[in-house]
Amino acid sequence: MRTFDKRPDVWAIPALLAIAMLANAAMVPLVPFALATRLSWPLWLVGIYSFAVMVVTMLVNHRLSAIVDTAKRKSLLCLLCAAFQIMGAIAAVGALNGVLWLLILTVMGMAIGGAVAPIYYTLGRLLADSRGRSSSTVNSLLRVITSGAWVAGPALGFAVAGTYGITTAFLVVAAISAVGAMAVLAASKWLDLAAQQAESSSGSAASAAIADSRRSFALQNLAAFSVVFLFSLAHISTATSLALLLVRRFDIPESATGLFLGLKAGVEMVAILLTPLVAKRLSSRAVLTLAGFGALVAYSSYLFGHGTGWALFASVWEGAYYGFFAVTALTWIQSLAGMRLGQSTGFYMNGIYAGVLIGAPLSGVVASFDLSWIAGLSLLAALLAIAALRLPANAPARRHPDLTMEAST
């Protein structure tokens, strides 16, 4: 045990992330479903609730991502997120019984529970750099676990809700979160020691040299944020109505729609795992540019194609481009000068969230006029993402040595 404590390894981080994200992914879609079906809320009010959850999540994510850089006991932040996830699930049970003020606790529980993802992303990158691991490989593993949780979590939550009732489903979420909290407690000494060793060996705290050009850093960060935001906007704009698009435009049977969605998710996870191999040969900016062109192929196929073959082709390309983007953008953003590791990771997550926040309602408005136009909206966002990559502020620049993106492989 002493040897384990002295030689903490990065590969335990994914296990902790998997438990936390499974609970959060099971919880997030259950609440609006319960509001609409159990409490008979109108859909517009459910939409306002979902909007509020996303806004609070972004605010909490920004704050916790900054705190993780200076926190001496990072395990306490992970415990905090698990505790709030438990609280949110239990509060949702109370809200089902008519105590609507408990929804505030549910919102906070989901927001703070979900904010654990960038904390584990930060810890994974921190340990990868200090242990000589490939940052792209570690990030790809963490991203594929997140994607896998968002496949398994909703399936688990609705399976339990449909069989044993939605109250039981919320209690299962609370139980999973409790297991996650116990796992963090068991690993807390290792986790804190790992972070301390990583910070002392890599000097990851931003040095005084970083503060010399804050104005240019702010411009660079804004330009990078726009890239992540636009990729996220492109993805979510079509993803929110993809099942309907497949049925109405491509004449895919309803019974087969899930297969196409599953194929897209599967290709995305394969692309995530392949990203480290591509990253060895191409710069992050080049990979993101290729992902952008992949998005153009995918959404042009959705916009102009017809029939099962085109739907299959578009689904594969959409999954592939987004998988390569998800890992590469995380590694790229984490290496921006002018921000500490936790701040930059939170920056990446908020770019994703901002795309969801704007893309989901915007695609609904666009689809109300013409369903196929949502692919056009995604196509436009992808074009803008490629253009944003070519901004001078996003050009390769001299980085602070503690924050360089390329890790030894």
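Could you give the length gained on full extension between S368 and R248, defined as 0.36 nm per residue of separation minus the Cα-Cα distance, in nm?
Working: separation 120, 0.36 × 120 = 43.20 nm, distance 1.34 nm.
Between S368 and R248, full extension yields an extra 41.9 nm.
Quick one: with all protein chains in place, what share of the accessible area of segment 231-370 is carbon or sulfur, to the nearest percent (1.4 Å probe)?
On the way: 3700 of 5220 Å².
Roughly 71 percent of what the probe reaches on segment 231-370 is carbon or sulfur.
Give the calculated FRET efficiency between V55 and R281 to the nearest 0.05, with a Förster radius of 30 Å applied to their Cβ-Cβ distance.
Working: r = 40 Å, r/R0 = 1.32.
Efficiency, from the Cβ-Cβ distance: 0.15.
Leaving out ligands and nucleic acids, note down the accessible area per residue over the chain with a 1.4 angstrom probe, in whole Å².
Numbers: 17190 Å² over 409 residues.
Solvent-accessible surface per residue comes out at 42 Å².
Would you kindly find the accessible area of I104, with a 1.4 Å probe and non-protein molecules such as ligands, DNA and RNA excluded, rounding to the nearest 10 Å²?
Approximately 120 Å² for this residue.
Of M58, M27, which has the most accessible area and how do the rest follow, probe 1.4 Å? Write out the running numbers ahead of the final one.
Values: M58 40, M27 0 Å².
The ranking, largest first, comes out as M58, M27.
In segment 53-85, which residues have a backbone nitrogen under 18 Å from the label point lying 7 Å from S200's Cα in the Cα-to-Cβ direction?
What the label zone holds, given the 18 Å backbone N cut-off, is 70-75.
Working out 0.36 nm times the residue gap between A175 and A155, then minus their Cα-Cα distance, what length gain in nm do you get to one decimal?
Working: separation 20, 0.36 × 20 = 7.20 nm, distance 1.65 nm.
Length gained, A175 through A155: 5.6 nm.
Run the dipole for the chain about the Cα centre, Lys and Arg Cβ at +1, Asp and Glu Cβ at -1, nothing else charged, and hand back the magnitude in debye, nearest 20.
Working: 25 positive and 14 negative charges, 174 e Å.
That gives the chain a dipole magnitude of about 840 debye.
Go through L330, T308, Y353 and say which Cα lies farthest out towards the positive end of the charge dipole of segment 222-358; charges sit on Cβ, +1 for Lys and Arg, -1 for Asp and Glu.
The residue sitting most towards the positive pole is L330.
Could you order R248, R38 so the one with the most accessible surface comes first? Probe is 1.4 Å.
From most accessible down to least: R248, R38.
Per residue and in Å³, how big is the convex hull formed by the alpha-carbon atoms of segment 1-151?
Numbers: hull volume 17.5 nm³, N = 151.
In segment 1-151, the Cα convex hull volume per residue is 116 Å³.
Report the full-extension gain for the segment T37 to W11: residue separation times 0.36 nm, less the Cα-Cα distance, to one decimal in nm. Could you put the intermediate results ahead of the total?
Details: separation 26, 0.36 × 26 = 9.36 nm, distance 4.08 nm.
Once the chain is fully extended between T37 and W11, it gains 5.3 nm.
The values are calculated or read from the model by the stated rules, or taken from the named source; none is laboratory data. Here the structure is a predicted model, which means the values were calculated and not measured. Backbone-built Cβ (ideal geometry, glycine too); neighbour counts: all protein chains shown. Please note that ligands, DNA and RNA were not included when accessible areas were found on the heavy atoms of the full protein model with its side chains. Shrake-Rupley method; radii C 1.70, N 1.55, O 1.52, S 1.80 Å.
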